[in-house]
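The values are calculated or read from the model by the stated rules, or taken from the named source; none is laboratory data. Being a predicted model, the structure only gives us computed values, none of them experimental. Here the Cβ is made from the backbone with ideal geometry for all residues, glycine too, and neighbour counts use every protein chain on show. Surface accessibility is based on the protein's heavy atoms, side chains included, excluding ligands, DNA and RNA. Shrake-Rupley method; radii C 1.70, N 1.55, O 1.52, S 1.80 Å.
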Amino acid sequence: MNISVIGLGKLGAVLAAVMADRGHDVVGVDVNPEAVAAINEGRASVREPGLDEMIAWNAARMSATCDFESAVARTDITFVVVPTPSRADATFSLEYVLKATESIGRVLAKKTAYHLVVISSTVMPGSTGGEVLPQLERISGRRCGPDFGLCYNPEFIALGSVIRDMSTPDMILIGEFDERAGGLLEELYRTVCPNHPPVARMNFVNAELTKISVNTFVTTKISYANMLAEICEQVPGADAEVVSEAIGMDTRIGRKYLKGAFGYGGPCFPRDNKAFARFAESRSVDATLAKATDQVNSRQVQRLADRILAAMAEGDCVGVLGMSYKPDTEVIDESQGLTLANTLATAGCRVAVYDPAAMENARRALPDAVLFAPSMEACAAEADILVIATPWSQFRALQPAHLLPEGRSRNGRRPVIMDWWRMLRPADFEGVAEYIACGMGPAGEHAESAGKPRFAATGQFR
């Protein structure tokens, strides 16, 4: 098929490449000339594992332009993958979506052939049928159904694994105006996804509700696991990892996202959860669970900061490994590791940080007093207390030799490792460092003294 993709950001660029990789001719559209030039030169304009190679391999089937109308005019299906930023009230703005569909509508006025418009950006329930559809019909002077098609088709992806998530999704979600539009989009996906995922087809508003409901449910599991970890940390002999493994064996629950660790972050989970709660309130429903999920997540940085303070002595340096919100991306939106580093530095603690991909973004977001280490080893060698905040696979290579010289801190104590993702083998650091894991309760004989701070940094955390 001939496909146009409006928006060549972190999702649109990958969507265009995946479609081209399955044999379709794709033209990308963006207002950013640099993003357009990158595609035309056979390279990626955004960081995503495997994207450079995929674009280079499919360069003959990919092109890009800043001209919306020419791209839509020469294609059969148009995907709209533009930002829908959060407003002050936590709902999503349709500003960029409507700008894109305005341009599409002008082309539809001149086209005689059937054209399918697909909204892939995450929108509030009621948006596709309530605002996008009337605008397209008004500007084009044509009717949805006989003259053009409209679908809502959001992706369920995570940055760092977008190619895999788009190519082999758990499901395809299609909100359709009619059978013809949904059928054409399903036919396209049958050529794209080799794993043959189930396709859920429904009306616009059900699909819009499904998208934000999925993310809200996932965040609820994450916050539940973190609440369980908090409880286990106060119970001698308890281990949230053991409890979660057992809970996850129940098929009604499952193991995915059920791990006590740091809170969730990124450009989707936090805002989708807030938007879900706000939408519920607009319908006179108190979304108690969604709000509680957000409250639990919001206290995770403070919870770890308190543990750090309890382990600190005056003059100690805290090393934080992981500034991106998840591995395999440079994105720092709502990053818990970044927030932790900022919180500690603002409170007067000495802080060193390292991330394999997000250092430049972190430099722009953190105070000048923070030390930006050139490597994991350099960060570890600087730290009296070392925190693993993001589960980059590289951090599994941490060894006792990487810690402070001779395994001793500047204050005559062993360094402390706070492994908040349970990535390391505690036995490897026995006798060299004090190992503290997320969700692990104190040993019985030390239970009474657990949590009593030995040092309070200057400034207030709360």
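Helix 336-346 axis versus longest C-alpha principal axis of the chain: approximately 50°, rounded to the nearest ten.
What is the sum of charges around D147, taking Lys and Arg as +1, Asp and Glu as -1, for the other residues whose C-beta is under 15 Å from the C-beta of D147? Spelling it out: positives minus negatives among the neighbours equals +4. Computed on the range 206-315, with alpha-carbon pairs under 8 angstrom and 6+ residues apart, the relative contact order is 30 percent. The angle between the Cα long axis of helix 288-298 and the longest principal axis of the Cα atoms of the chain comes to about 50 degrees, rounded to the nearest 10. So what's the gap between the Cα centers of the range 29-75 and the range 86-155, to the nearest angstrom? If we compute the Cα centre of each part, the gap is 22 Å. Shown for the range 4-83: the carbon plus sulfur share of the solvent-accessible area, taken with all protein chains present and a 1.4 angstrom probe, equals 53%.
Extension gain for the segment R190 to R138, taken as residue separation times 0.36 nm less the Cα-Cα distance, is 15.5 nm to one decimal.
Ranking A292, F276, P236 by Cα position along the charge dipole of the range 233-317, where only Lys, Arg, Asp and Glu carry charges on their C-beta atoms, puts F276 farthest toward the positive end. Applying both filters, DSSP loop and at most 14 other Cβ atoms within 10 Å, to the trypsin sites (Lys or Arg not before Pro) of the range 328-369 eliminates every site. Using a probe of 1.4 angstrom and keeping all protein chains present, the accessible surface of the range 82-148 works out to 41 square angstrom per residue. In this calculation the C-beta distance from Q302 to V235 is compared with R0 = 30 Å, giving a FRET efficiency of 0.90. Other residues lying with their Cβ under 11 Å from the Cβ of H24 contribute a combined charge of -1, Lys and Arg counting +1, Asp and Glu -1. Just so you know, the Cα atoms of the range 236-347 work out to an Rg and Dmax of 16.8, 52 Å. Give the residue from M227, M376, A311 lying farthest towards the positive end of the charge dipole for the chain; charges sit on Cβ (+1 for Lys and Arg, -1 for Asp and Glu) and the dipole is referred to the Cα centre. Towards the positive end, the residue furthest out is M227. Inter-part distance, the range 366-405 to the range 215-260, computed on C-alpha centroids, equals 27 Å.
If R₀ is 51 angstrom, what is the calculated FRET efficiency for the pair R74 and D368, using the beta carbon separation as r and rounding to 0.05? Efficiency for this residue pair is about 0.50.
If R0 is 35 Å, the Cβ-Cβ spacing of A59 and M171 corresponds to a FRET efficiency of close to 0.70. The DSSP beta bridges internal to the chain are antiparallel in roughly 10% of cases.
Peptides 239-249, 292-302, ordered by how many other C-beta atoms sit within 10 Å of their residues on average, highest first, read 292-302, 239-249. For the pair E131 and E314 in one chain, pulling the backbone fully straight at 0.36 nm per residue adds 60.1 nm over the alpha carbon distance.
Coordinate range of the alpha-carbon atoms in the chain per principal axis, descending: 79, 49, 40 Å.
Report note on the peptides 306-316, 27-37: ranked by the mean count of other C-beta atoms within 10 Å, highest first, their order is 27-37, 306-316.
Seen against the Cα atoms of the chain and their longest principal axis, helix 269-282 is set at about 70 degrees.
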